[in-house]
Amino acid sequence: MANCTKAEREQIAKFNNFYQLSTHDVLRRIEKYTCGCCYGGNSWTTEKQAILMGQKLGLSPRSSLIDIGAGAGWPGLYLSSISGCSLTLVDLPETGLKLAANRSIQDKISERVTTIIADAAELPFEDQSFDALSHSDLLCCLFSKEKVLIECRRIIREQGKMVFSVIYITPGLDKIDYERAVLNSPNFIQTDGEYETMLRECGWHIDDQIDLSKEYQETCRLQIEADDLHQQELIKLLGEKQALDRMSNWKSKLEVIKEGLVKRDLFVCSPNTL
């Protein structure tokens, strides 16, 4: 965390608080309703999308997977459970990784799971250490996107794959729509260029790019529906103001998604050997 900006440190603290709360039953029920999983996840990755990620990565018991920005272990733990691959979970918020370690014991896969506190832009691994690499809505929550992609390229084996989801602002918006998109998106969603260009410049070849925006819209709708169903429990847990602000924020987020101001894609990449 030494090289993190003040805004990034605040975000890490926010995520730590989220993971502390995520163990409460009402939030687990909301997560299940919204994404089909129950890990204390902090991305918009659904169970269906996690299965797709595993397929695109070609995971097997012989694979070594690293999940960066792993939080409480979703979807990395799930991918290891269904494929038998070894798994390394990396993140800065320690609370999430502790939950992930406990979940790996519960799921009886702890012997092949490692958790490491580390900055995604300064990964503590040798070159070409992993067969497969995933991250879920991570880059839109980080300032140093290029550094992270370069580090990912460094640690992946030449025949390896990287699969990740990311939320981004639709190119070509006018100033008002752009500002609305920024206001209702992850803190570091802004980029200097498009991800396609960024990936190529960081040594990656894009094998596939899948538009998940419709699924993102539906998941956000389900989030609002779930919060409405459990409103009184949320108020009891969070306090009235925070609970109502949370619900209002989901609705504002859904508006910009429906209007096409924000998109969410899944990228499937391989190392560029040129």
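The values are calculated or read from the model by the stated rules, or taken from the named source; none is laboratory data. All values reported here derive from a predicted model rather than from experimental measurement. Cβ coordinates were reconstructed from backbone atoms using ideal geometry, including for glycine residues, and neighbour counts include every protein chain displayed.
So, of the residues in the range 49-82 that are part of a helix (DSSP H, G or I) and touching a Gly at 6+ places or on another chain (Cβ under 7 Å), which turns out to be farthest from CYS35 (Cα to Cα)?
Here the answer is ILE82.
How many of the residues making up the range 156-177 are touching a residue at least 40 places away in the same chain (Cβ under 8 Å), of a type outside the set (Val, Ile, Thr) and over 16 Å from LEU57 (Cβ atoms)?
Final tally of qualifying residues: 3.
Here are ASP174, ASP228: which of them is modelled with pLDDT of 95 or more, of a type in the set (D, E, K, R) and in contact with a helix residue (DSSP H, G or I) (Cβ under 9 Å, 6 or more places away or on another chain)?
Testing whether each residue is modelled with pLDDT of 95 or more, of a type in the set (D, E, K, R) and in contact with a helix residue (DSSP H, G or I) (Cβ under 9 Å, 6 or more places away or on another chain) leaves just ASP228.
From the list ARG200, ARG221, ARG246, which one is within 30 Å of THR273 (Cα to Cα) and of a type in the set (Lys, Arg)?
Only one candidate qualifies: ARG200.
Can GLY84 be described as under 15 Å from the mean Cα position of the chain (by Cα) and on the phi > 0 side of the Ramachandran plot?
No, not satisfied.
Please verify whether the range 213-221 includes one or more residues that are of a type outside the set (Asp, Glu), surrounded by 14 or more Cβ atoms within 10 Å (Cβ to Cβ) and more than 18 Å from the chain's Cα centre (by Cα).
Looking through the range 213-221, at least one residue is of a type outside the set (Asp, Glu), surrounded by 14 or more Cβ atoms within 10 Å (Cβ to Cβ) and more than 18 Å from the chain's Cα centre (by Cα).
Can you run down the residue pairs with Cβ atoms below 7 Å, 6 or more apart or on separate chains, where the first is in the range 204-217 and of a type in the set (A, V, I, L, M, F, W, C) and the partner is modelled with pLDDT under 95 and surrounded by fewer than 16 Cβ atoms within 10 Å (Cβ to Cβ)?
So the pair list comes out as TRP204/ASN272.
How many residues, within the range 95-106, are in contact with a Phe, Trp or Tyr (Cβ under 9 Å, 6 or more places away or on another chain) and surrounded by fewer than 18 Cβ atoms within 10 Å (Cβ to Cβ)?
Within the range 95-106, residues that are in contact with a Phe, Trp or Tyr (Cβ under 9 Å, 6 or more places away or on another chain) and surrounded by fewer than 18 Cβ atoms within 10 Å (Cβ to Cβ) number 1.
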